[in-house]
Each structure stands twice: as structure tokens, then as C-alpha cells.
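Step one of this worksheet: look at the structure below.
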Amino acid sequence: MAGHVSAVDDILAEYHGLEEQMADPALHNDPAAARRVGKRYSELQPIINVHRQLVQVRDDLEAAREMAHEDHEFAAEAERLEVELVELEEKLADLLAPRDEHDGDDIVMEIKAGAGGEEAALFAGDLLRMYQKYADKHGFIIEVLDSAESDLGGVKDITLSIRSRQPSRDGAWSQFKFEGGVHRVQRVPVTESQGRIQTSAAGVLVYPEPDEVQDVEIDEKEIRVDVYRSSGKGGQGVNTTDSAVRITHLPTGIVVTCQKERSQIQNRARAMQVLAARLQALQKEEADAEAAEGRASQIRTMDRSERIRTYNWPENRISDHRIGFKANNLDSVLNGELDDLFTALRAAERAERLEADN
């Protein structure tokens, strides 16, 4: 409990400092700084609220116990408050438990059709619609930065930005971070005349998006920038200017493209943000790999090559192989009903974090 008290004291001090910064008009002259402060303020708000409730209940409980000596009706009130106090203490401990530092972040997501040709592209399109429907229900904004469609309207490759409508302790990363990996589908393809079940796959990559490109150092000498004409389905030109931008990071070979914006300057700025997110994720992977050496227990990192989930159409079943989750509601899941699955994944992650922290 002593650890929790000191942690809360530190958070209270930080929270009051943020309040002072937000009251300073000068902060709002710098939108990036204002966003950072506002985001952190939102992340701390649930802890502050529960702490305030806890202080109030402790005061009320002390008063009820004193009054119970004179009036027995207060004894029942004291019992009720004791139960509420325990619940609030558990809630506060949960809020103070180790968390992923990126949980409040916006993300960049890439969905790529894997082995399976047109059928894999159609499945990648199904995943895209699943995430879009989930985002709509949970207050996230999805922005398509770059996409390539297949002939039948599937998705060969798409890059998305997913953002919270409001700064939150539980941002896009806290929800979508579990999606990185290989998603496998088993079904009869629309392209299959014999009615045979086929297995194909799509890959999903997810990165926290830095608040600013400056958060990640990118040397201009280490990138190559190409411009070209934006193209739509089938490769036809969308506009008549070379506004689409492709950035190649020479040391790592990472290639990022953006053709959503109307101007080359805007596409370049957005592509640099995506590149920063990719490089930040790469740096974290390398640091995790180093930290994992000689360590038996490690918080799960979603290996991009790992087959994480299978979507079985004939049996209407979804299986998440990391936590042994199975459910026969594939139709609902594809309609954006991911809450049960995400709750199970979050619980497994939290258990691993607590184990690693002990």
C-alpha cells in the first residue's frame, strides 16, 4: 500500500503541474505541446477521479464509525462504506498496475494480402471492414493514407492512420496492438468453382504513431524521396499532378508511400510521420530483443511472422492461437464485435505484465 501512496502522490503532483501548464495561454501557441499536455492530462484523469472518491469514502467511513457508537443506523452505513472502500482500493491498484507506455497513442496500421492471390486480397478487405466497424463503434477515426485494390475489390496493401476522437488513457494502440501478425482464413473462395475450402492469409502490422516526427531522428541524407501520380483501382490516375510521395529509408530499406492528400507537401509530411512510426517500432523491437537475452520471462511482443488468428467460415469460428480463445461468432466479429476477444487479450497481457513486474 505504501508504494501505491507514493505513486499517487507523484501522479497528483504531475497532474497539478499539467493543470498549471494548461492554464498558461502560451502553451496553446504550440499545438504539438498542447496536444502532448492534454493527452497526458487525460491519461491521469481516471486515477485522479478514483483517488478523490477514495479520499471521500475514507472520510465518510471514519465519520460513520464515530456516529455508530451513538446511533446504530450508522453501523449499516459504515458496513456499506467498508465494502465500497475495498472496491475503490482495488480499482486504484488496477489503474496503477504496470501499463504499456504507448496505450494512449494513435497508430499506423498496414494490412497486406498474403499467399492466396485474389482470395487473400478479398480477406484483407474483410479485415479492413472489421476494423472500420469496430473503430466506428468505439470512437476512433480511420484515415486511409495509401491503398492498392485488387481487380475484385479486395485489398492488396493498405496503410491506415487510426486516431482517438479525444485524448484518452486507452487510445488506439491499447485496442489494436494485438492485431499485429498473420491472420489466416479458411473458406470456399468466390473464385473457386469446385466448392473446395482454401486456406489463405493476410498480414497486419501495427505501430504506435509518435506525436511528432521530431520524437524519432531521421537524417535527410538517409532517405530517398520519389514523387509520382496518384493511382486508383486498376492503376488509373486519380489526379493530373505528381502529388503522391514514396520515401525510402536507405539504412533499413523501409518504404513508405502516401497519396491521400492533394498536395505533394502534405503527402510528404504524412509519409514522414508513418516512417517515424515504423522506425520507432523497429528500435523498440531491437531493444526488446536485447533485453530478452538471458531473461526467461518476457512480456509478449507480437511477432510479425507469428500466425495469431484463424477465421474458419464453414464453422463460423474464430480462434486466437496466442491465448487459446475460441468463439463461434465469426459473423459478429467480422461485423466489428471484437470486444470479447480484445478483453481476453488485454487480460492475458495484464497478467503477463504483473508476472514480469514481480
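The values are calculated or read from the model by the stated rules, or taken from the named source; none is laboratory data. It should be emphasised that the depicted structure is a prediction, and the values quoted were computed from it without experimental measurement. We place every Cβ from the backbone using ideal geometry, glycine too, and count neighbours over all the protein chains shown. These area figures cover heavy atoms from the full protein model, side chains too; ligands, DNA and RNA do not enter into them. Shrake-Rupley method; radii C 1.70, N 1.55, O 1.52, S 1.80 Å.
Results, tabulated for the structure shown:
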item: Solvent-accessible heavy-atom area per residue, rounded to whole Å², over region 73-178 at 1.4 Å; result: 43
item: Of all DSSP beta bridges in the chain, antiparallel share, percent nearest 5; result: 90
item: Cα centre as origin, Lys/Arg/Asp/Glu Cβ charges: the chain dipole, Debye; result: 2340
item: Solvent-accessible area, 1.4 Å probe, carbon plus sulfur percent, for the chain; result: 48
item: Candidates Ile197, Ile308, Ile158: whichever shows maximal mean-square fluctuation once the chain is modelled as a Gaussian network with Cα springs under 10 Å; result: Ile197
item: Qualifying aspartates and glutamates (Cα of each under 18 Å from Cα of Lys112; at least 8 residues distant if same chain); result: Asp126, Glu143, Asp146, Glu149, Asp151, Asp157, Glu179, Asp303, Glu306
item: Residues of type lysines that Lys137 reaches as a straight line, Cα spacing below 21 Å, ignoring anything fewer than 8 places off in the same chain; result: Lys177
item: Dipole axis of the chain (+1 Lys, Arg; -1 Asp, Glu on Cβ), positive-most option in Pro189, Asn316, Met22; result: Pro189
item: Percentage relative contact order, the chain, counting C-alpha pairs under 8 Å, at least six apart; result: 15
item: Calculated FRET efficiency for the pair Ser263/Arg99, C-beta based, R₀ 41 Å, to 0.05; result: 0.60
item: GNM result for the chain, Cα springs below 10 Å: residue of Val245, Val55, Val255 fluctuating most strongly; result: Val55
item: Förster radius 56 Å - calculated FRET efficiency between Glu220 and Ala68, Cβ distance, rounded to 0.05; result: 0.20
item: Helical contribution to [θ] at 222 nm, DSSP H n ≥ 4, -39,500 (n - 2.57), averaged over the chain, rounded to 500; result: -15500 deg cm²/dmol
item: Using alpha-carbon coordinates, inclination of helix 73-96 to the longest axis of the chain, degrees; result: 30
item: Qualifying lysines (Cα of each under 17 Å from Cα of Lys260; at least 8 residues distant if same chain); result: Lys156, Lys233
item: Rh by Kirkwood over Cα pairs, then Stokes-Einstein D for the chain at 1.306 mPa s and 10 °C, µm²/s; result: 68
item: The chain: most fluctuating residue of Met22, Met109, Met130 per GNM, C-alpha cutoff 10 Å; result: Met22
item: Burial order of peptide ranges 257-265, 29-37 (average beta-carbon count within 10 Å, highest first); result: 257-265, 29-37
item: Alpha-carbon centroids, region 1-75 and region 154-185: separation in whole Å; result: 31
